[in-house]
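Single-structure report; data block below.
Computed from the coordinates by the stated procedures, all read-outs in this text should not be read as laboratory data. Since we're looking at a predicted model, the values are computed, not measured. Here the Cβ positions follow ideal geometry from the backbone for every residue, glycine too, while neighbour counts run over all protein chains shown.
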Amino acid sequence: MSSQNRETKYPGITSPLSLAEPKEFDLQLTEKLVETLKPFNVFESEAELAHRMNVLSKINTLVKQWIKDVCYKKNMPATIAESVGGKVFTFGSYRLGVHTKGADIDTLCVAPRNVDRSDFFTTFYELLKQQKETKDLRAVEEAYVPVIKMEFDGIELDMLFARLALQVVPENQELSTQSILKNLDQKCVRSLNGCRVTDEILRMVPNIDNFRMTLRAIKLWAKKKGIYSNALGFLGGVSWAMLVARVCQLYPNAAPSTLLNKFFLVYTKWDWPNPVLLKQPEEGKLGFPEWDPRINPADRYHLMPIITPAYPQQNSTFNVTLSTRTIMMDELQAGLDTTNAILEGKEEWVKLFEDSNFFQKYKHYIVVIVKSGTEEHHLEWSGLVESKLRILVGNLERNSYIQLAHIKPTSYGKIDSDKDNHITKWFVGLLFNKTNNMNLDLTYDIQSFSDTVYRQAINIKMYEEDMKIEIKHVKRKELDAYLPQSVLKKQNIKTSKKSIETIKLSDSPIVTTTLQTTVDLTNDTPSSVPVDISGTESMEESQRSKPSESESVNSDISVVSMKEEANDPNVNGETKASAIPQTDVLLVPKRPHSPSVHHHGTPPKFPRINDEEEGSSSPMQIEDSMGHKLPISPTGPTTERFSPIAEESGPVQAPANISTEKTVIKSQVELK
């Protein structure tokens, strides 16, 4: 090996696993990959890119003028008002250089210290409203990261705000240093971290062009498979970007065609919940909350931690649930099988980007239908409901009879049979545990979700009487009553003309949950078998041991009035708040009122690597490209910072309903 290679320093917490240069075959496969991606609109034309830059220029000009106006209104001298500056930064997919046609742009408005957040959501909001290019303007000031959303000259924009503790924000202002966070509030830090994380990701990859092409392919694959949504418990854009960046660190010279295959190889073998890290965490002295399982007990129970590389470090995947991780791992394994076949010449790249067969996968579905009276109301109402859907999935997941709750991130609108003009639908596929004589009651699971949504709408003063939710149970053969025929034909579903009847015992129920009078739970195995969930019977075993038709058991059904339950203080130990709209009627299978709660698997393993396999006297190791011995684990060496709390410090209390069984980490990952 040449001395030049030995002296090269590569980014990442470990040395690369391979420094192999791409062969001619790899480059040819990459060219085929690029040609395959083009019809999916993952690349913008020069004209479209120029239009985006023009829009950003207009927004930047508006921001600078607005900051000047605010300074004048606060009686600042003209010399200061004219020089305070201000700037619009970009982050997310646009900043990474992997945005697709029609994608939105994530932006950050950075202002000097004399401009307040309240100014941003009042005077700047009004300024935007006056612009002829502005459409669908809405402010979400109460969000965890407050944002203004809009469409400006045909481009969707999300605008965050951060006020720096500086008198002047020059055009060349840098955001990468930790000192920029001094004396800032939490909301400003969260807003700044979008830019800081994106820039750090770009700094941590060895070859930006290869990173971008690989990430474009992974983003398209994730969207096609229905696993691209941070809000719904899957992975968002920044999480997928960090996963790709880590693979680029491990194979710094590989072509995108090779990186794609290695991506699936690495993460099918990853020992979750060991965290994915792009760099050793920075030691922060500013006191902001950061992901650290040594200090924060809740961090130890994250299922799929992917840690942002900028201080304060955060887990970008805290929304991941047992169900969503299971679904993603199943798709990763399928991706590995497909890319292996492509490398062997048995398949083409288009196979990797086939749509998921979600509407063929399950026998039972929950349909969440959101309605509003006006377009403006519906924009806000559907957005709020979507942000809370993971609560419904969590409720269903905790039901002891439900093995898997799979939400599809794509929403669907009005079809010909719908009477309402402003309507949005989401679908949750359900897989039940095989249990004889089971009684299933989803009343609590669904009502607690609707309570949360309405309570939030009331608290932020969004709620209007025309905002409604309907939640229904349907079988696969009945999906044609809710979906466009084009979607069903695409998934090769044999639809039924039988529609679902809504039993209505009140004049105007706000939430209607309708289930079939007979729910057959003995034949619900998906046609495509996902990964088994820990602690439950595998779907494959369920299929093998499925009872015959004569042994099928139908659940008992009853009509339950939630208004009566709401007034009973003994139901679930509490009385519903009168201010929250109540369900007038639910048609549900029977189950005891108190929901059965079980834990979401074993606690995460901390990133401490035991190099010795149990019963072996020699450590399991591989050699990196530099000739160094490495533990066989992609997490690499870890620092004292992320070691578990010493046993002498005493036991740590785990969150309720979480197993505290001690877990030993082994180095068992083999990478080729």
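Here the label points at residue 40 and residue 153, each 7 Å from Cα along the C-beta direction, are separated by 3.0 nm in the simple model. If you count the DSSP beta bridges with both ends in the stretch 46-199, what percent of them are antiparallel, to the nearest 5? Antiparallel bridges: around 65 percent, rounded to the nearest 5.
On the beta carbon distance between residue 177 and residue 360, with R0 = 56 Å, the FRET formula returns roughly 0.60. If you wrap the tightest convex hull around every Cα atom of the stretch 1-128 and split its volume per residue, you get 206 Å³. Can you give the FRET efficiency for residue 452 and residue 47, using 1/(1 + (r/R0)^6), R0 = 35 Å, r = Cβ-Cβ distance, to the nearest 0.05? My answer for the efficiency is 0.20. What the Kirkwood sum gives for the stretch 237-309 is a hydrodynamic radius of 13.7 Å, with every pair of different alpha carbons counted. In order along the stretch 367-383, phi translates into HN-Hα couplings of 10, 9, 10, 10, 10, 8, x, 10, 5, 5, 4, 5, 4, 6, 5, 5, x Hz, rounded to whole numbers, per the Karplus curve 6.51 cos²θ - 1.76 cosθ + 1.60 with θ = phi - 60° and x for Gly and Pro.
Peptides 252-263, 137-148, 202-213 ranked from most to least packed, by the mean per-residue count of other Cβ atoms within 10 Å: 252-263, 202-213, 137-148.
Residues whose amide H lies under 5 Å from that of residue 403, counting only those 5 or more places away or on a different chain, are 431, 432, 433; hydrogens are built 1.01 Å from N in the peptide plane. Taking amide H as placed 1.01 Å from N in the peptide plane, the amide H of residue 134 sits under 5 Å from that of 153, each at least 5 places away or on another chain.
Computed over the Cα atoms of the stretch 46-199, pair by distinct pair, the Kirkwood hydrodynamic radius stands at 15.8 angstrom.
Cβ-Cβ distance of residue 185 and residue 400, R₀ of 51 Å, FRET efficiency by 1/(1 + (r/R0)^6): the value works out to about 0.75.
Exposure proxy ranking for 426, 240, based on other Cβ atoms within 10 angstrom of each Cβ and starting from the fewest, stands as 426, 240.
Distance from the Cα centroid of the stretch 390-417 to that of the stretch 291-315 is 27 Å (rounded to whole angstrom). Taking amide H as placed 1.01 Å from N in the peptide plane, residue 156 has its amide H under 5 Å from the amide H of 105, each at least 5 places away in sequence or on another chain.
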